[in-house]
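> Structure provided below as structure tokens; questions to follow.
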Amino acid sequence: MAWIVRLVSVEADGTEHSTDVVQISRPYTLADLASLGLTLAESKQLLAGVQQEIVAAQARLHATLRPECRDCGTPCRMKDYRQHEVATLFGQVTVRLPRFHCAGCGSAEAGVDWPPRVRSTPELDRLRAQLSALLTYRTAADLLGQMFPVDAGLDPESLRRHTFKVAETLPMRPATETPASASASASASASAEAVTVTLDATF
């Protein structure tokens with residue numbers, strides 16, 4: 001028995017385009033429970049395939065947008081295409097985006113509203129930071145690789161950098177101590193013979 005997972009996109013005018021993402025085969029009996037339903041590898045392949053197709057369709061629609069020149073306001077013409085590699089929770093995707101050229105003054109423009117120097121999606125960054133806050137960086141990287149079709153940024157050092165980058169964007173918590181209580185706690189700490197700091201067992 002076999003299944004073909006087909007992704008159908010519907011345009012604004014009702015036109016449909018279909019793409020076969022993955023084919024799954026199973027025996028006719030359940031003598032082996034390992035063949036029951038999807039395997040983890042097949043689910044990763046399915047998610048990565050769907051992600052790439054959706055991203056490619058989004059990139060095609062985004063490429064139809066024409067920016068206006070920031071210097072003279074003239075609509076720009078397409079110059080060429082550039083490939084952008086972006087890490088997502090469901091695999092590394094390639095976004096093909098155009099670059100534009102102003103025929104009036106000769107200046108160059110990037111794609112409309114495309115964030116500069118983007119390497120990964122916010123969703124992947126948040127999950128990396130969340131797992132890294134709960135686990136060691138190496139364990140968090142292993143967990144991401146086992147559960148999701150993530151194929152970029154699984155190095156523990158990469159997770160550490162991403163975690164610190166996310167931490168820098170968090171708002172600073174305002175101080176809740178008054179100057180009097182702060183000085184009292186400081187003097188109490190200075191007079192203490194020892195200070196005990198408890199760390200989580202993971203670290």
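The values are calculated or read from the model by the stated rules, or taken from the named source; none is laboratory data. As the structure is a computational prediction, the values presented were derived from the model and not from experiment. Cβ: placed from backbone, ideal geometry, glycine included. Neighbour counts: every protein chain shown. To get the accessible areas, we keep the full protein, side chains included, count just its heavy atoms, and leave off ligands, DNA and RNA. Shrake-Rupley method; radii C 1.70, N 1.55, O 1.52, S 1.80 Å.
> Return yes when Arg126 is out of contact with any strand residue (DSSP E or B) (no Cβ under 7 Å at 6 or more places or on another chain) and open to solvent by 20 Å² or more (accessible area, probe 1.4 Å) and no when it is not.
yes
> In segment 87-96, what residues are part of a strand (DSSP E or B), at negative phi and surrounded by 16 or more Cβ atoms within 10 Å (Cβ to Cβ)?
Listed by number, the residues that qualify are Ala87, Thr88, Gln92, Val93, Val95.
> Checking Leu134 against (1) at pLDDT 75 or above; (2) under 21 Å from Arg119 (Cβ atoms); (3) not aromatic (Phe, Trp, Tyr), which test does it fail?
Leu134 satisfies all of (1) at pLDDT 75 or above; (2) under 21 Å from Arg119 (Cβ atoms); (3) not aromatic (Phe, Trp, Tyr) except (2).
> Which residue out of Ala63, Ala41, Ala57, Ala34 is aliphatic (A, V, I, L, M), surrounded by 14 or more Cβ atoms within 10 Å (Cβ to Cβ) and within 24 Å of Val150 (Cα to Cα)?
Ala57 is the lone residue from the list that is aliphatic (A, V, I, L, M), surrounded by 14 or more Cβ atoms within 10 Å (Cβ to Cβ) and within 24 Å of Val150 (Cα to Cα).
> Spot the failing condition for Ala108; the list is (1) open to solvent by 80 Å² or more (accessible area, probe 1.4 Å); (2) out of contact with any Asp or Glu (no Cβ under 7 Å at 6 or more places or on another chain), and only one is missed.
Only one criterion in (1) open to solvent by 80 Å² or more (accessible area, probe 1.4 Å); (2) out of contact with any Asp or Glu (no Cβ under 7 Å at 6 or more places or on another chain) is unmet by Ala108, namely (1).
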